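One structure follows; several queries about it will come next.
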Amino acid sequence: MDTIKIGSTVKVTVIKTPTASAAAAKTIVRVLSKDPAAQKENLRLAQVRARRYRPRMRGGRLYGGRLVKQHRLRGSQGESGTILATVDVIRDLNSVRRFVEIETA
């Protein structure tokens, strides 16, 4: 972890699913969500939800019609992403280093 330079690109791979710590799983998902491919998929899903937004009138106001977000990243074993190493990313990776493998890309 000390050899990662700020501003470099790193590949993060989940090697062990964090089962005892829900916070670690959330941290892994947050870090992997910074991958451009994951961001593109989230944008595509948001556009699908926007197209399918069909509210109905209830009590003189628009009600319902929203689709629930599909979470594609789970932080499970085998998921990977290539991200830019910033200060916050390095700090997050340091906290979950026993669950992930980090390589310079």
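The values are calculated or read from the model by the stated rules, or taken from the named source; none is laboratory data. Bear in mind the structure is a predicted one, so any value in this text is a computation, not a measurement. Glycine gets a Cβ as well: all are built from the backbone with ideal geometry, and neighbour counts include every protein chain shown.
Check off (1) surrounded by 14 or more Cβ atoms within 10 Å (Cβ to Cβ); (2) in contact with a strand residue (DSSP E or B) (Cβ under 9 Å, 6 or more places away or on another chain) for Leu62 and give me the number that stays unchecked.
(1)
When you scan the stretch 74-85, do you find a residue that is in a strand (DSSP E or B) and either modelled with pLDDT under 95 or farther than 26 Å from Gly7 by Cα (or both), even just one? Let's see the steps before the verdict.
Quick first cut of the stretch 74-85, residues in a strand (DSSP E or B) only: 80-84.
With the extra rule that they be either modelled with pLDDT under 95 or farther than 26 Å from Gly7 by Cα (or both), the set shrinks to none.
For the stretch 74-85, residues in a strand (DSSP E or B) and either modelled with pLDDT under 95 or farther than 26 Å from Gly7 by Cα (or both): absent.
Still on this structure: Of these, Lys5, Lys69, Lys11, Lys34, which one is modelled with pLDDT of 95 or more and part of a loop (DSSP other than H, G, I, E, B)? It would help to see each step written out before you state the result.
Details: Lys5 fails: modelled with pLDDT of 95 or more; Lys69 fails: modelled with pLDDT of 95 or more; Lys11 fails: part of a loop (DSSP other than H, G, I, E, B).
After applying the criteria, what remains is Lys34.
Can you name the condition, by its number, that Lys40 falls short on among (1) without any contact (Cβ under 8 Å) to a residue 12 or more places away in the chain; (2) closer than 15 Å to Gln77 by Cα?
Of (1) without any contact (Cβ under 8 Å) to a residue 12 or more places away in the chain; (2) closer than 15 Å to Gln77 by Cα, only one is false for Lys40: (2).
For the stretch 1-15, state whether one or more residues are closer than 24 Å to Val96 by Cβ, touching a Phe, Trp or Tyr at 6+ places or on another chain (Cβ under 9 Å), surrounded by 10 or more Cβ atoms within 10 Å (Cβ to Cβ) and touching a residue at least 60 places away in the same chain (Cβ under 8 Å). Walk me through how you get there before you give the answer.
Filtering the stretch 1-15 for residues closer than 24 Å to Val96 by Cβ gives 1-15.
Those still in the list that are touching a Phe, Trp or Tyr at 6+ places or on another chain (Cβ under 9 Å) too: 14-15.
With the extra rule that they be surrounded by 10 or more Cβ atoms within 10 Å (Cβ to Cβ), the set shrinks to 14-15.
Add one more test, that the residue is touching a residue at least 60 places away in the same chain (Cβ under 8 Å), and what stays is 14-15.
Within the stretch 1-15, one or more residues are closer than 24 Å to Val96 by Cβ, touching a Phe, Trp or Tyr at 6+ places or on another chain (Cβ under 9 Å), surrounded by 10 or more Cβ atoms within 10 Å (Cβ to Cβ) and touching a residue at least 60 places away in the same chain (Cβ under 8 Å).
Six or more apart or on different chains, Cβ atoms under 9 Å: show the pairs whose first residue is in the stretch 59-85 and of a type in the set (Asp, Glu) and whose second is in a loop (DSSP other than H, G, I, E, B) and modelled with pLDDT under 95.
Matching pairs, first to second residue: Glu79/Leu73.
Listed residues Ala37, Ala46; which is surrounded by fewer than 13 Cβ atoms within 10 Å (Cβ to Cβ) and either basic (Lys, Arg) or more than 30 Å from Thr3 (Cα to Cα) (or both)? Before the answer, list the steps.
On the way: Ala37 fails: either basic (Lys, Arg) or more than 30 Å from Thr3 (Cα to Cα) (or both).
Selected residue: Ala46, the only one of Ala37, Ala46 that is surrounded by fewer than 13 Cβ atoms within 10 Å (Cβ to Cβ) and either basic (Lys, Arg) or more than 30 Å from Thr3 (Cα to Cα) (or both).
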